[in-house]
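Here is the structure we will look at, set down as structure tokens.
The values are calculated or read from the model by the stated rules, or taken from the named source; none is laboratory data. In this text, all values refer to a predicted model and were calculated from it rather than measured experimentally. With ideal geometry, Cβ positions are generated from the backbone for all residues, glycine too; neighbour counts draw on all protein chains shown.
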Amino acid sequence: MKIAVVGTGYVGLVTGTCFAEVGIDVTCIDVNVKKIEDLKQGILPIYEPGLEEMVLRNVDKGRLGFSTDLASAIKGCDAAFIAVGTPPGEDGSADLKYVLGVAREIGQHMDDYLVVVTKSTVPVGTAKKVKQAVAEELEKRGSELSFDVASNPEFLKEGAAIDDFLKPDRIVVGVESEQAEEVMRKLYKPFLMNGHPIIFMDVPSAEMTKYAANSMLATKISFMNDIANLCEIMGADVNMVRRGIGSDSRIGNKFIYPGIGYGGSCFPKDVKALIKTAEENGYSMQILKSVESVNENQKEVLFNKVMKQFEGNLTGKTFALWGLSFKPKTDDMREAPSLVIIEKLLAEGANVVAYDPVAIKEAQHMIGENDRVAYAKDEYEALIDADALLVVTEWPEFRSPNFQVMGKLLKNKVIIDGRNIYEAKELQEMGFAYYGIGVQE
Ligand code: UGA
């Protein structure tokens, strides 16, 4: 089988590479010449564990190619996946200009029956617009070629994307014809070996499934953050409460970890977009609006704890930050809580020394030059003479550090842990002042 994947961002690159991995002939397409030239040499635009090796291996085997030339790449394909960006507009709705631009280009150059698949997260109703765009271009050419659209949302987690793709919990595909269903079933057959299902449904339902999944997960997180904040007030420990409720299989023990708010490119954007879609159609998503506002407040919780500890005076103080990316195993800084924390610390006259295993370059890019923000070469260097350590991202290497050494490097033995990776009691016994989220001081 032969496919084209348009857009070599995070989703497109993982999708194309994983399809190549099972023997499908894949061309990944992008308008960005530099990106394509880099990819041909194995230089990736993002960090994702295991992806670089997989790209190199498949390029080497001749199953994975990169090109800026959609017109040639689309010829003879069974399916074309649209995985270009849908940046949020000012009002929170997704901007479809890239998706529809690609659809038009496909319509201009396809040479046989083709399934045009939306893979980027797009608002409910987008596949219909894609269909119209392709059809219009075919009509302009006077072409009688037939095609189908399909919606195939991705459920990849950054940092675990390859595993998620190769061993999915489920694959959701919205289709309009048996022929399209057949093509999609054949493409995904190699990934269904673990007995997990491919679920076919109508196109709007598939589009909605993606938003419902992300919104439900975001809701779980905001709910737990609310509970954690209340635990602190009421003398309870959210770690206990989490275990207590998570062992009820109806609730489940995943995605109920409180913290400093969800970030990344997906939850914040998708929650906003669904609220917006509802609004445009005369409905108000009450729960999601609260999910969003709880999350905004939660990003400030760590900073508020710093203010309390230092009695509102942070001028000239230095804070060590462990972790910058919105979550471990990625260099993605989009909507990262660290950005809010750093901004607030700087506004109070504090200095920041940050360390992150992979996101420093991205962070420098987003934060810009600032005399009061420095980056350490490792986690211990960041602690030297700092007034407190703030744990911002729960990278595995931060979980079991040498507390003795930390105690000596820090000016004050204060740890404010935004991810609850340490045990309060253990640290207090070692003489640290320790503050977590939803736990007792
Ligand atoms: C999320 C979904 O998990 C994927 O299924 C989906 O495909 C993807 O969005 C997408 O729409 O593309 P991702 O944003 O990569 O994936 O990261 P997650 O692992 O879901 O984490 C999201 C945020 O929630 C992070 O900021 C994380 O720190 C936070 N989180 C997660 C918590 O605060 N508590 C938890 O218990 C779990």
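Table for the structure above
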{"item": "Enumeration of residues in the range 235-268 that are more than 8 Å from the ligand (Cβ to nearest atom), buried (at least 19 other Cβ atoms within 10 Å of the Cβ) and not polar (S, T, N, Q)", "result": "Val238, Arg242, Pro268"}
{"item": "Pick from the range 86-110, criterion at pLDDT below 95 and among the polar types (S, T, N, Q), ranking: surrounded by the most Cβ atoms within 10 Å (Cβ to Cβ)", "result": "Thr86"}
{"item": "Hits in the range 132-159 (condition: in contact with a strand residue (DSSP E or B) (Cβ under 7 Å, 6 or more places away or on another chain) and either over 18 Å from Met110 (Cα atoms) or surrounded by fewer than 18 Cβ atoms within 10 Å (Cβ to Cβ) (or both))", "result": "Ser151, Asn152, Pro153"}
{"item": "Tally, over the range 172-219, of residues that are assigned to a helix (DSSP H, G or I) and of a type in the set (A, V, I, L, M, F, W, C)", "result": "13"}
{"item": "First in the range 198-219 and more than 19 Å from Arg250 (Cβ to Cβ) and more than 11 Å from the ligand (Cβ to nearest atom), second anywhere and among the hydroxyl-bearing types (Ser, Thr, Tyr) and not in a helix (DSSP H, G or I), Cβ under 6 Å, 6 or more apart", "result": "Val203/Ser151; Ala206/Ser151; Glu207/Ser151"}
{"item": "Residue in the range 174-193 that is free of Cβ contacts under 8 Å to residues at least 40 places away in the same chain and within 14 Å of the ligand (Cβ to nearest atom) present", "result": "no"}
{"item": "Residue among Ala20, Ala83, Ala79 that alone is touching a residue at least 24 places away in the same chain (Cβ under 8 Å), aliphatic (A, V, I, L, M), surrounded by 23 or more Cβ atoms within 10 Å (Cβ to Cβ) and within 16 Å of the ligand (Cβ to nearest atom)", "result": "Ala83"}
{"item": "Filter pass, Asp169 being surrounded by fewer than 17 Cβ atoms within 10 Å (Cβ to Cβ), within 16 Å of the ligand (Cβ to nearest atom) and assigned to a helix (DSSP H, G or I)", "result": "no"}
{"item": "Test for Arg419: is it among the basic types (Lys, Arg) and either without any contact (Cβ under 8 Å) to a residue 12 or more places away in the chain or in contact with a helix residue (DSSP H, G or I) (Cβ under 7 Å, 6 or more places away or on another chain) (or both)", "result": "no"}
{"item": "Scope the range 388-406; condition more than 24 Å from the chain's Cα centre (by Cα) and surrounded by 14 or more Cβ atoms within 10 Å (Cβ to Cβ); matching residues", "result": "Ala388, Leu389, Pro401, Phe403, Met406"}
{"item": "Within the range 336-366, considering residues that are assigned to a loop (DSSP other than H, G, I, E, B) and in contact with a strand residue (DSSP E or B) (Cβ under 9 Å, 6 or more places away or on another chain), the one nearest to the ligand (Cβ to nearest atom)", "result": "Asp356"}
{"item": "Yes/no for Val271 being under 23 Å from Ser120 (Cβ atoms), within 13 Å of the ligand (Cβ to nearest atom) and either in contact with a helix residue (DSSP H, G or I) (Cβ under 6 Å, 6 or more places away or on another chain) or not acidic (Asp, Glu) (or both)", "result": "yes"}
{"item": "Every pair of residues 6+ apart whose Cβ atoms lie under 6 Å, when the first sits in the range 146-157 and is over 14 Å from Phe200 (Cβ atoms) and away from the ligand (no atom under 16 Å from the Cβ) while the second is hydroxyl-bearing (Ser, Thr, Tyr) and not in a strand (DSSP E or B)", "result": "Ser146/Tyr113"}
